[in-house]
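Written below as structure tokens is the structure these notes are about.
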Amino acid sequence: MNKAITEGVVFLPTPFANGLDVWSSQNGRPGDDTYQAAANAAYVPADQDFGGCLEMQKSQSTQKLRYMGETPLLPGCYIRVRARIKAISGNLPNVRIAGYPAQANGTQVSGLSVNGPSVTLTSYGEVVELAAIIGPGNRTGVDMVWGTEPVFAHLGLDLTGSNGGVVRIDDLVFEDITHVFLADMLASVDVRDYGALGDGTTNDSAAFEAADDAADGREIVVSEGTYRLASTVTINSRIRFEGKVTMPDTAILSLTRNFDLGTYIDAFGSEELAFRKAFQALLNNADHESLDLGGRRISISGPIDMQAAVNNKDSYAQRRHIANGQFYAEGTSVWDPDVTTSQATYSSSNDGRLTNVTNIANIPVGAHITGNGVGREIYVRSKNVSAGEITLSQPLGAATGTQTFTFTRYKYMLDFSGFEQLISMSFSDVEFQCNNKASGVMLAKTGNVFQVRDCYFTRPKHRGITSIGYGCQGMLVDRCQFISSEGGTPAQDRISIAISANANDVKIRNNRASQFRHFCILSGSNTVVSGNHFFQGDGQPNGVRLAGLVLTLKSCNATIVGNYVDNCFIEWTNERDVDPDFTGGFGFSGLSITNNVFLCGDLIPSFAWIVLKPYGTNHVINGLNVTGNLFRCVDGNIDRCEKVDTTHADMNYGGMKKVYFANNTFNNVEYRTENPAVVTHDQNTAAATWQVSGAEVLAFGGEARRVDALVATEKITNASNVAQWGAPYVKGGQGPNNNRVDIFWESAVKGKVNVTMRMDV
């Protein structure tokens, strides 16, 4: 804004060449003395520095020079007065810009500062430039704050100090510099104009709210300064921060029109603090549905306790979304895990708790529990210090009795474990850059539909996403990248896990995970693992491979479809059963593995892609569908695609039901597993009983419990090659391992048959 341009206002005074009768030695009011024909002043037409200028000898204690024209003082207008001066002879004076603020009737407005900063002339012939700004508002850079009462002014300068000196003064310049303070006065309001001081101690909350009330569609400007907001402030107008704000943790700053991280960073200065305060507002204002990180990298100096950032809520049940940015872990020891050991008792009759826990006050919620017989990925969900009890995320498994457990609390960039319940929280297009220092995200104790999509979990030290309870109910993890920091570590020595979940209905879809110890450990039912590529090779010759996907629930009702399972395997266990022996129920049931690509290379022949690992005796399969998969081994052969890990116990092969293992493709796999399996038997020597083994092809090396079909593919003849037309009968479950089918003929015959046998009923 420039009033000289927009409204034709004349600010510039007349030059000295036009006469000194408009230049007063007093206040510039009509009737005051002028320098026209004054004994101590004269116009010099040709000065080597100034051209035409005023030469003046200082003869009064304050020698004034005032333009007698009435320079208008307009609302919101800021005027700069500039002067150039040099000493010629005599005593060296001080010089300052000065003025006379006047009401409409010419009376001086009292109580205002009428002088700018003073400058001392220090040598003869040196041109000194000085300036001062006059305006209505107390803004940085304004030398004379006059408010809105004066309507015009007589402006000029003062000489102070010793008398007798002679100076020369170039033509003075008065100019409108309002644009320096506000690009568009009509579109902005400044919180200072509504009482904000910005001194870091005064509570400016009311001034902010007053500016918001007056904005009426205009932008609020928070000019330079530090503004203390001692209470919750909601701003419904657009706002721009040049200064900074400070607030107590309990106070909320809601910026309804500029709810993005960049604005909060401008407000608070610190990226980390800005995110905390923005998240606090996200959960405390119905106008905020999502927080846009604006593509910013947020440097995290330590774990962020997300519930402490909100601090007035321990549960939340509305959809909230965080998107488009990066969290970057910095620091060193702040990310080190806290490790505590403690003695406790675990009982099969109370399998969700540890009791009689010593040192319980020092055991943090969210700690990972390890000990003799403890299953993988069990965490402290909550604790009761007075009762000495810990609530577990899952049963420990075969760890009954009293023993010393180790509790390891990993440090997460975003830690939601302080929430008792959190529903419908989601992230998209966010990178968690853990830098091999931090873990990624820890979920709330309970909740559902936690969603992460199109995100990166880069180099987590220990974990990517961890559930310490049932905050993972219905969790959705879609199109994310999990990149381990352990690519150069042999698989068996790795410690990092991308995802662990306990609750039902988890969906893990279209993700990519590289070289973790495990990709997923899932403990709930009705999970879907679809379209992922997870690989865990390590370049070691005849290397050890660990499970990429671990299912710890027998009756899992899980669907595993369309994945690329690369140098790792699917492990199905009951490691969390307190009483691991099978005594009834469905057993290992409800698993569908279809249309996946399984790959391995440079491994020992005993490797398999589908591994059952019972932790107790007498277990059976009661519902398994393995169809349409490609099993391919490069750099050698492996024996078979599936097996039972008998470390703890073997399966009850005589109790298998509803196993379907068909239409799979095998490359460099010695035995092509099927169920039902079609076994071709070529009997070259006439015999009344033919023995047909299914050990090499029946799924999991199971028993030949049933024969569905027997088809002669060549003529059945006796020893003299005479055709025989009698029908045989069969018996399954023959031989020492019950994996043989015997065919009984009326007499000794020879020939060729296909036997369709099953290892289930």
* Structure fact -> Checking 694, 655, 732, 701 in turn, the sole residue that is within 27 Å of residue 580 (Cβ to Cβ) and outside the structural domain of residue 590 (by TED's automatic domain parsing) turns out to be 701
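With 711, 707, 753, 741 as the choices, which residue is surrounded by fewer than 18 Cβ atoms within 10 Å (Cβ to Cβ), in the same structural domain as residue 686 (by TED's automatic domain parsing) and assigned to a strand (DSSP E or B)?
On the way: 707 fails: surrounded by fewer than 18 Cβ atoms within 10 Å (Cβ to Cβ); 753 fails: surrounded by fewer than 18 Cβ atoms within 10 Å (Cβ to Cβ); 741 fails: surrounded by fewer than 18 Cβ atoms within 10 Å (Cβ to Cβ).
Residue meeting the stated conditions: 711.
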* residue 80 is checked against (1) under 30 Å from residue 222 (Cβ atoms); (2) of a type in the set (D, E, K, R); (3) touching a helix residue (DSSP H, G or I) at 6+ places or on another chain (Cβ under 8 Å) and fails just one. What number does that condition carry? -> (3)
* Asked: Does at least one position in region 267-283 carry a residue that is surrounded by fewer than 21 Cβ atoms within 10 Å (Cβ to Cβ) and free of Cβ contacts under 8 Å to residues at least 12 places away in the same chain?
  -> yes
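Step by step: first the residues of region 300-325, then only those that are part of a strand (DSSP E or B) and out of contact with any Ser or Thr (no Cβ under 9 Å at 6 or more places or on another chain), then the one that is farthest from residue 425 (Cα to Cα). Which residue is that? I'd like the intermediate steps shown before the answer.
Here is the first cut: in region 300-325, the ones part of a strand (DSSP E or B) are 300, 304-305, 315-316, 320-325.
Keeping just the survivors that are out of contact with any Ser or Thr (no Cβ under 9 Å at 6 or more places or on another chain) gives 300, 304, 325.
Details: 300: 20, 304: 16, 325: 16 Å.
Taking the candidates together, the pick is 300.
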* Among the candidates 384, 350, 372, 359, residue that is surrounded by fewer than 16 Cβ atoms within 10 Å (Cβ to Cβ) and in contact with a helix residue (DSSP H, G or I) (Cβ under 9 Å, 6 or more places away or on another chain) -> 384
* Taking the residues in region 296-316 that are β-branched (Val, Ile, Thr) and within 14 Å of the chain's Cα centre (by Cα) as candidates, determine which candidate is surrounded by the most Cβ atoms within 10 Å (Cβ to Cβ). => 300
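Run down 26, 36 and say which single residue is farther than 24 Å from residue 175 by Cα, in a loop (DSSP other than H, G, I, E, B) and assigned by TED's automatic domain parsing to the domain that holds residue 150.
Details: 26 fails: farther than 24 Å from residue 175 by Cα.
Going through 26, 36 in turn, just one is farther than 24 Å from residue 175 by Cα, in a loop (DSSP other than H, G, I, E, B) and assigned by TED's automatic domain parsing to the domain that holds residue 150: 36.
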* Structure fact -> residue 81 meets each of (1) within 59 Å of the chain's Cα centre (by Cα); (2) touching a residue at least 40 places away in the same chain (Cβ under 8 Å); (3) under 29 Å from residue 51 (Cα atoms); (4) surrounded by fewer than 16 Cβ atoms within 10 Å (Cβ to Cβ) with one exception, condition (4)
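Against the condition crowded, with 21+ Cβ neighbours inside 10 Å and either without any contact (Cβ under 8 Å) to a residue 60 or more places away in the chain or within 27 Å of residue 149 (Cβ to Cβ) (or both), how does residue 67 come out, does it pass? Walk me through how you get there before you give the answer.
Working: crowded, with 21+ Cβ neighbours inside 10 Å: yes; either without any contact (Cβ under 8 Å) to a residue 60 or more places away in the chain or within 27 Å of residue 149 (Cβ to Cβ) (or both): yes.
Taking the combined requirement at face value, the residue satisfies it.
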* So which of 189, 151, 180 ends up being farther than 26 Å from residue 49 by Cα, free of Cβ contacts under 8 Å to residues at least 60 places away in the same chain and β-branched (Val, Ile, Thr)? -> 189
* Restrict the check to region 687-697 and report whether at least one residue is modelled with pLDDT of 95 or more, acidic (Asp, Glu) and in a loop (DSSP other than H, G, I, E, B). => no
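The values are calculated or read from the model by the stated rules, or taken from the named source; none is laboratory data. What you see is a predicted model; the values in this text were computed from it and never measured. Glycine gets a Cβ as well: all are built from the backbone with ideal geometry, and neighbour counts include every protein chain shown.
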